[in-house]
1. For residues that are small (G, A, S), part of a helix (DSSP H, G or I) and surrounded by fewer than 14 Cβ atoms within 10 Å (Cβ to Cβ), tally how many sit in the range 215-262.
2. Is it true that L373 is buried (at least 16 other Cβ atoms within 10 Å of the Cβ), under 19 Å from G180 (Cβ atoms), modelled with pLDDT of 90 or more and in the same structural domain as E288 (by TED's automatic domain parsing)?
3. Taking the conditions exactly as written (of a type in the set (A, V, I, L, M), modelled with pLDDT under 90 and surrounded by 17 or more Cβ atoms within 10 Å (Cβ to Cβ)), does I10 satisfy them or not?
4. For the range 316-336, check the following and say yes or no: at least one residue is at pLDDT below 95 and at positive phi.
5. Of everything in the range 317-351, what is of a type in the set (G, A, S) and either assigned to a helix (DSSP H, G or I) or not assigned by TED's automatic domain parsing to the domain that holds E284 (or both)? Give them in sequence order.
6. Just name the residue that is nearest to the chain's Cα centre (by Cα) out of those in the range 265-314 that are among the hydroxyl-bearing types (S, T, Y) and at pLDDT below 95.
7. Quick check on the range 268-281: of everything there that is surrounded by 21 or more Cβ atoms within 10 Å (Cβ to Cβ) and touching an Asp or Glu at 6+ places or on another chain (Cβ under 9 Å), which residue is farthest from G298 (Cα to Cα)?
8. Considering only residues of the range 77-97 that are under 43 Å from the mean Cα position of the chain (by Cα) and of a type in the set (S, T, Y), which is farthest from I13 (Cα to Cα)?
Amino acid sequence: MSKSILSDKILIIDSNIDYCKHIQELFKQHGILVYISTSCDEAINVAQDKIPDCILIDYMLPFAGAIQFTQKIKEDNLLKNTSVIYLTSNDTKKAYINALDAGGDAFILKGTDKDIIVARVKAFLRQKRLLQDNALYLNMLKQDIESASKLQKTILSYGNSDIPRNDIDTYHYAPNEVSGDYSGIKHTQGDWYATLLADVSGHGVAASMLTILIKSFFDSNSIEDNKSVMPADFIKKLNLLFIEEKFDRGLFATILYAIYNNKTGEFICSSAGNPEPVFYSHNENKVEQIDIKGPLIGITEDSQYCNYSINLKRNDMIFMFTDGAYEIFNDKDEMFGEEKLIDLFTTLTNKDINTISTTIVSSLKKYSENNTLQDDITMVTLRRTE
């Protein structure tokens, strides 16, 4: 007889002690431990003390005792997942409905063949073990995700966060423990700095691990022969890595990569499916999107990417973001949208750079139902100050 069967416990509640002992002997033959109670008050104490895996109770206990007992069991945090099976001679429709509405899980007529009674109870015991196994697994998974979250935040937080002669603000929001978004800024050589935005499909652990891979690739491949790697070349090389590693095709990424000369103001960027960045010209008081497009990372090895160059003058700005910054829906299932995001940014170009992202996020929360944001959001705003 297996060890798991010997550990099963049931509680039988019936005012007829002889019937209780009959059930006890029946299940004893199958290696199942049976506790006996002849009243509801006593049964509550036994249940809380022994924590049975299944409870069999006589539906006809006095003063609707079976219904009251079931309600108390289902309100108890330790016992609420315990199956409650009614044993009864009353097979009326009303009895069935009352029992199940109170939280009961099944009805067995007392005259049912004893082997069928045992088989049905064993089925509920298997269900209880399955629930326990799932709860254990989910708890382990939760702990793993919490650990992954701490590791990811530690790894991704390392790097430059400022560029001389410029104001720069990086905003990142993750609704879950782990994130599929990443942004990084680093000094490459001379007056050149590199900026990367990445948005990996999904929000789970696999997506978070890919952000770490992308960050590692960024750290080791932004410079070649002591020179800054051109954005299109960087993205093409990253795409080939995804293809060569044969990641699941459901795991792809959008990338915006740029290099910026903080002395001359030259800004060169390339995109792999990321929303087009926004350029604000202070002298012309004009906002426009930079027309740079490219296929997603990880789809095909033949993907081609191009560079776009622009020069920033004093008080000019670049606004970069992932699609989570505008794929926000209201209670009418209407999306906030990229156009509305850009219009909002246009009204904020004279604001302090740190105020821009906080104002945008506040507007997004106000637009969304229940004031919540469901997707990762990354925004990087750069203003040239000299």
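1. Residues of the range 215-262 small (G, A, S): 216, 220, 222, 228, 232, 250, 253, 258.
Among the residues that remain, those that are also part of a helix (DSSP H, G or I) are: 216, 220, 232.
Okay, now just the ones that are also surrounded by fewer than 14 Cβ atoms within 10 Å (Cβ to Cβ), so 216, 220.
Residues meeting the conditions: 2.
2. Considered against the rule, which asks whether it is buried (at least 16 other Cβ atoms within 10 Å of the Cβ), under 19 Å from G180 (Cβ atoms), modelled with pLDDT of 90 or more and in the same structural domain as E288 (by TED's automatic domain parsing), L373 comes out as no.
3. no
4. Scanning the range 316-336, I find at least one residue that is at pLDDT below 95 and at positive phi, so the answer is yes.
5. Taking the range 317-351 first, the residues of a type in the set (G, A, S) are 324-325, 337.
Hits for the range 317-351 are G324, A325.
6. Taking the range 265-314 first, the residues among the hydroxyl-bearing types (S, T, Y) are 270-271, 280-281, 300, 303, 305, 308-309.
Add one more test, that the residue is at pLDDT below 95, and what stays is 300, 303.
Details: T300: 28, S303: 30 Å.
Across the range 265-314, the extreme among qualifying residues is T300.
7. Y280
8. Y96
The values are calculated or read from the model by the stated rules, or taken from the named source; none is laboratory data. No experiment lies behind these values; they were computed from the predicted model shown. Cβ coordinates were reconstructed from backbone atoms using ideal geometry, including for glycine residues, and neighbour counts include every protein chain displayed.
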